[in-house]
Number of protein chains: 2
Amino acid sequence: MKLVKVHVTLKEGVLDPQGKAVQGSLNTLGYDFVQEVRVGKYLELTVEDDANIEQQIKEMCNKLLANPVIENYTYTVEEGVTQ
Amino acid sequence: MKLVKVHVTLKEGVLDPQGKAVQGSLNTLGYDFVQEVRVGKYLELTVEDDANIEQQIKEMCNKLLANPVIENYTYTVEEGVTQ
């Protein structure tokens, strides 16, 4: 088993209304030093060992996990997860 | 300026219907080797330098960014972000 950690973030220049809302809330709560917030997704996938895992992850990200038009993704693969 | 990266994940044992849905979709698309998916949040905060930043981040996470009843959070602080 492997643990795949995927980060999906909005590309630079893409508006992030959710991040703006979080920033506004933090500022309202008194955390004035917060200048910008960007919100992304973080996914942990537990997968069976597969010889072609890197290629498969890229496919899954492009097809389902991320929207490649407005989002970037990065991933790491960790070996030897026991369940 | 500092860049704070926050990961918010559901605690173990807490049901993750969003993750289940993603896993189901991936399986339907033919990615049968995906056994489990857990979905979390990933936030990037750009903050002004503050002597007490670690304490402030913990406060922000407990008050707004995470729900400490069902979610865990981790964070890292990176120095010297230029804008």
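The values are calculated or read from the model by the stated rules, or taken from the named source; none is laboratory data. Since this is a predicted model, take the numbers as computed values, not measurements. Glycine gets a Cβ as well: all are built from the backbone with ideal geometry, and neighbour counts include every protein chain shown.
Here are a few things to note about the model shown:
Each row is one residue, and each column tells you yes or no for (1) of a type in the set (Asp, Glu); (2) modelled with pLDDT under 95; (3) at negative phi.
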position: B:Val6; (1), (2), (3): no, no, yes
position: B:Gln35; (1), (2), (3): no, no, yes
position: B:Asp49; (1), (2), (3): yes, yes, yes
position: B:Gly80; (1), (2), (3): no, yes, no
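- With respect to being touching a residue at least 40 places away in the same chain (Cβ under 8 Å) and out of contact with any Cys (no Cβ under 6 Å at 6 or more places or on another chain), A:Leu3 fits the description.
- Here is the figure for the range B:37-49: residues that are free of Cβ contacts under 8 Å to residues at least 40 places away in the same chain and either more than 22 Å from B:Ile70 (Cα to Cα) or out of contact with any Lys or Arg (no Cβ under 9 Å at 6 or more places or on another chain) (or both) total 1.
- In this entry, A:Leu26 is excluded by the filter for residues that are under 22 Å from B:Asn62 (Cα atoms), at the interface with chain B (Cβ under 7 Å from one of its Cβ atoms) and in a strand (DSSP E or B).
- Selection from the range A:12-22 of residues that are surrounded by 12 or more Cβ atoms within 10 Å (Cβ to Cβ) and either of a type in the set (Ser, Thr, Tyr) or more than 8 Å from chain B (Cβ to nearest Cβ) (or both): A:Val14, A:Asp16, A:Gln18, A:Lys20, A:Ala21
- Against the numbered list (1) out of contact with any Asp or Glu (no Cβ under 8 Å at 6 or more places or on another chain); (2) assigned to a strand (DSSP E or B); (3) of a type in the set (Val, Ile, Thr), B:Val69 comes up short only at (2).
- Criterion violated by B:Thr9 - all others in (1) in contact with a Gly (Cβ under 6 Å, 6 or more places away or on another chain); (2) under 18 Å from A:Asn27 (Cα atoms); (3) of a type in the set (Val, Ile, Thr) satisfied: (2)
- Hey, A:Glu71 under 19 Å from B:Gln23 (Cβ atoms) and more than 8 Å from every other protein chain (Cβ to nearest Cβ) or not: no
- Search result, residues across the range A:29-55 that are over 17 Å from B:Val39 (Cβ atoms), within 17 Å of the chain's Cα centre (by Cα) and within 10 Å of another protein chain (Cβ to nearest Cβ): A:Val37, A:Arg38
- Of the listed requirements (1) more than 8 Å from chain A (Cβ to nearest Cβ); (2) touching a strand residue (DSSP E or B) at 6+ places or on another chain (Cβ under 6 Å); (3) surrounded by 11 or more Cβ atoms within 10 Å (Cβ to Cβ), B:Thr76 misses just one: (3).
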